[in-house]
Every structure is written in C-alpha cells, then in structure tokens.
Amino acid sequence: MSKAATGSATLLIALVHVASVARADDVATFADRADEEVRDADRTWGFLLNPLAAAMDVYGGEADFVVARFAAFAVEGALCRSGDNPGLAIGMGLLVYPLGSALHQLYVEPRVAYARPLREPIPAFAWTRDVVGVGATAGWQWTWDYGFSLRVGGGAMEYLGGPRTQGPSLAVGPQLVVDGSVGWAF
C-alpha cells in the first residue's frame, strides 16, 4: 500500500470516529429530563373553553392569570341564552389551589358575574333588566407539562336583579354551574 492510500485510509477512519462521537452528544429528549424539571414547570397564564356549559346555553371562554403560587385570577366572557333572550356576560373569579401550585390539582373558585340582555337599549338609566351573579365552583384541574389543561368541577351561582319592567330579561335566582373546561396553559 502506498503512503497516499495509507494516509487516506487513516483520514477516513478518523472522520468516522469523530462523527460517531458527535452523535453521542445529541440534544436531550423529553424522556431524558429529570422529573423535577417537569413538575416544576410553572405556567403564567392559560386560555380555556367550557364545552359543558354549552349544554346550559352559555358559550364563551376564560383566561386565567397566575398571581401567586397557589392562586390564579380568572376573567371570562360569554354569550348566554335564557329562553328567547340572549345576553352578554362577563365574570371574574379567584382560583385557589390549596393542595398544589396554580393550574394544578384541587381548586376552589369564588366568582362574580354581570349579565345584560342583548335586546335592551343602552340609554342613561335603562339598567333595569341586568343581573349580577355571586357564587362558587370547586373541582380538579390537570395541566400537563406541554401545556394542555383540563378542568372538571361544578358549583352554583345566585343571580340577583332582573326584570323590573316589561321587555327582555335574563333568568334570576339560583343556577347550576358546570365547569368542564379544556384549553392550554402557557
């Protein structure tokens, strides 16, 4: 064998060896992470939709903003229907997670809501058919490390106000609240 052929063979063997060493340093995958990294992945906000509420004629979404390790502030907006009277509703709540970090495990949520019929005009003193709701929900929330979030719970709201004059109005009194939210946490 000539010196040129021996040098080429040595170079080829060196390149193969270097390439195999480079493959050993691949980027870590999900399975290579320690469990602590996955459990402690904190989320700062989430967006959820509640398809179970659609069975009760409430269509809307919710944004949850983590304000402390065990609490998140919830803001929701919805289109609700009571008979032939559609209305817009906005609500706020404070999700408290006594057993885990925010957006994980058992939650209790005191909440308030305001609803207004869509067919009512907005003159200066026509707020006679609006309703205000006060209540609470409780349940369980799962948020996986990649962000998918599922929340299941229930509760009740007491709606105050409502019809004082003729015209469209929303239902008043106690109402069942079903929380079957799905969404994503970031």
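The values are calculated or read from the model by the stated rules, or taken from the named source; none is laboratory data. What you see is a predicted model; the values in this text were computed from it and never measured. Don't worry about glycine lacking a Cβ; one is built from the backbone with ideal geometry, like all the others, and counts go over all protein chains shown.
What the table below lists for this structure:
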{"quantity": "Subset of region 113-143 [among the aromatic types (Phe, Trp, Tyr) and either in contact with a strand residue (DSSP E or B) (Cβ under 7 Å, 6 or more places away or on another chain) or at pLDDT 85 or above (or both)]", "calculated": "Tyr114, Trp140, Trp142"}
{"quantity": "Failed condition for Ala78, given (1) loosely packed, with under 13 Cβ neighbours inside 10 Å; (2) modelled with pLDDT of 85 or more; (3) not in a loop (DSSP other than H, G, I, E, B)", "calculated": "(1)"}
